[in-house]
Amino acid sequence: MGQAIGQVLAFGVGVSLSPIPIVGVVVMLTTPRARRNGPAFVLGWIVGMTIAGTLALLLAGGIGLGASGSGSDRGAAIKLALGVLLLAIAVKQWRRRPHGGEEATMPRWLQSVDHFDAARAAGLGVVLSALNPKNLLLVLGAAAAISGTEAASGDQAVALAIFILIGTIGPAIPVAIFFTMGERSKHQLEELRAWMAHSSAAIMAVICLLIAAKLIGDGISGLSA
């Protein structure tokens, strides 16, 4: 189990530090429905990650991404492909980063967040965790890594749960700050939102680059073994 858990740590951190979901949570926490929408978003995030992670792990087990033989080769090839895709995303994000005093381009849905109810906040959490292309690649990478260890089913489930837990820390931190500090949290959350919004492209570029390097390295090592 230790090997499976060790394999997912980097992927969990990558999901956790996704800037746009964190910005979305912070914006929700500035609305009159903050006490409902913030936790609802985090709950939806957990549900989305659980669904995507479970399906990805079942898929990885179904195609036999074992630690030896043809399964090892398939696993290495998939890791290499995912690494190349993440590398392409890293390059794209780096080119899109704002220069100098430019304003960062934010998704249009952020403008309507103040009208969300708890159900829509939860739905957004599901979408951003499970259907966001960058997150989905990280989820697939984590599933391939877990399956490749050939750990027992129970150990794989524990590793997936730890991946989900780590991946939820980022969106959950603003909510924790809000409920812990109350009105005093407004300044800290605004600073976090502004920094994340301006640095989102650069942050994602670095995260994707680091995890792409790991996946590509693991893929090359597996194929050459």
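The values are calculated or read from the model by the stated rules, or taken from the named source; none is laboratory data. In this text the structure is predicted, and so the values were computed from the model without any measurement. Heads up, the Cβs are rebuilt from the backbone with ideal geometry, glycines too, and the neighbour counts pull from every protein chain shown.
In the set (1) under 20 Å from the mean Cα position of the chain (by Cα); (2) free of Cβ contacts under 8 Å to residues at least 40 places away in the same chain, residue 166 fails one condition alone, (2).
I need the full set of residues from the stretch 56-67 which are touching a Lys or Arg at 6+ places or on another chain (Cβ under 8 Å) and either surrounded by 17 or more Cβ atoms within 10 Å (Cβ to Cβ) or modelled with pLDDT of 80 or more (or both), in order please. Spell out the reasoning first.
Kept after step one, since they are touching a Lys or Arg at 6+ places or on another chain (Cβ under 8 Å), are these residues of the stretch 56-67: 63-65.
65, the sole residue that qualifies.
Within the stretch 43-55, identify whether any single residue is modelled with pLDDT under 90 and either among the hydrophobic types (A, V, I, L, M, F, W, C) or under 24 Å from residue 142 (Cα atoms) (or both), and answer yes or no. There is no residue in the stretch 43-55 that is modelled with pLDDT under 90 and either among the hydrophobic types (A, V, I, L, M, F, W, C) or under 24 Å from residue 142 (Cα atoms) (or both).
Go through (1) surrounded by fewer than 23 Cβ atoms within 10 Å (Cβ to Cβ); (2) more than 25 Å from residue 38 (Cβ to Cβ); (3) hydroxyl-bearing (Ser, Thr, Tyr); (4) touching a helix residue (DSSP H, G or I) at 6+ places or on another chain (Cβ under 6 Å) and name the single condition residue 153 misses. In the conditions (1) surrounded by fewer than 23 Cβ atoms within 10 Å (Cβ to Cβ); (2) more than 25 Å from residue 38 (Cβ to Cβ); (3) hydroxyl-bearing (Ser, Thr, Tyr); (4) touching a helix residue (DSSP H, G or I) at 6+ places or on another chain (Cβ under 6 Å), residue 153 misses (4) alone.
Could you identify the single residue in 145, 130, 151, 157 that is within 20 Å of residue 86 (Cβ to Cβ) and over 11 Å from the mean Cα position of the chain (by Cα)? Before the answer, list the steps.
Details: 130 fails: over 11 Å from the mean Cα position of the chain (by Cα); 151 fails: within 20 Å of residue 86 (Cβ to Cβ); 157 fails: within 20 Å of residue 86 (Cβ to Cβ).
None of the other options fit; the residue is 145.
Exactly one residue out of 182, 219 is more than 14 Å from the chain's Cα centre (by Cα) and buried (at least 21 other Cβ atoms within 10 Å of the Cβ): that is 219. Taking the stated definitions as given, is residue 200 among the hydroxyl-bearing types (Ser, Thr, Tyr), in contact with a Pro (Cβ under 8 Å, 6 or more places away or on another chain) and either assigned to a helix (DSSP H, G or I) or closer than 21 Å to residue 94 by Cα (or both)? So residue 200 fits the description; yes.
Applying the criterion of being surrounded by 18 or more Cβ atoms within 10 Å (Cβ to Cβ) and within 23 Å of the chain's Cα centre (by Cα) to the residues of the stretch 185-197, the residue that is farthest from residue 99 (Cα to Cα) is 189.
In the stretch 95-104, the count of residues that are surrounded by fewer than 17 Cβ atoms within 10 Å (Cβ to Cβ) and aliphatic (A, V, I, L, M) is zero.
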